[in-house]
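Structure first, commentary second.
Every number in this text was worked out from the coordinates using simple rules, so none of it is lab data. Keep in mind that what you see is a predicted model, and the values were worked out from it rather than measured. Note that we place each Cβ from the backbone using ideal geometry, even for glycine, and neighbour counts take in every protein chain shown.
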Amino acid sequence: MKRLVTGFTLLAALALASPATAADGVGLAGRVDDKVITFFCFGVMIFFTVMVVSLSWIQGRLESRKDRVREDLERLRKP
């Protein structure tokens with residue numbers, strides 16, 4: 001299975017390398033300038049920041065729920 005995934009990844013990289021390095025600097029996204037690259041990078045930074053904050057919030061909620069359930073079970077077990 002690992003060889004299949006590696007082979008597929010290599011094949012995809014080889015297939016997509018040609019359009020990405022097309023003549024005269026025009027690739028799949030067309031002609032890009034500094035403004036497009038800057039906004040794309042800001043979008044990537046914002047995406048990962050929001051993702052980390054939201055996943056941390058979800059993990060905190062799940063941990064507090066787990067602690068509440070654990071405390072309720074301990075309270076009910078004691079005579």
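Can you give the local net charge around residue 9? Use residues other than it whose beta-carbon is closer than 13 angstrom to its beta-carbon, Lys and Arg +1, Asp and Glu -1.
Neighbour charge sum, excluding residue 9 itself: +2.
State log₁₀ I(q)/I(0) for the stretch 38-79 at q = 0.17 Å⁻¹ as given by the Debye formula over alpha-carbon point scatterers of equal weight, solvent excluded.
-0.59
Mind checking which lysines have their C-alpha under 25 Å from residue 66, skipping anything on the same chain fewer than 8 residues away?
Cα-Cα hits under 25 Å: 78.
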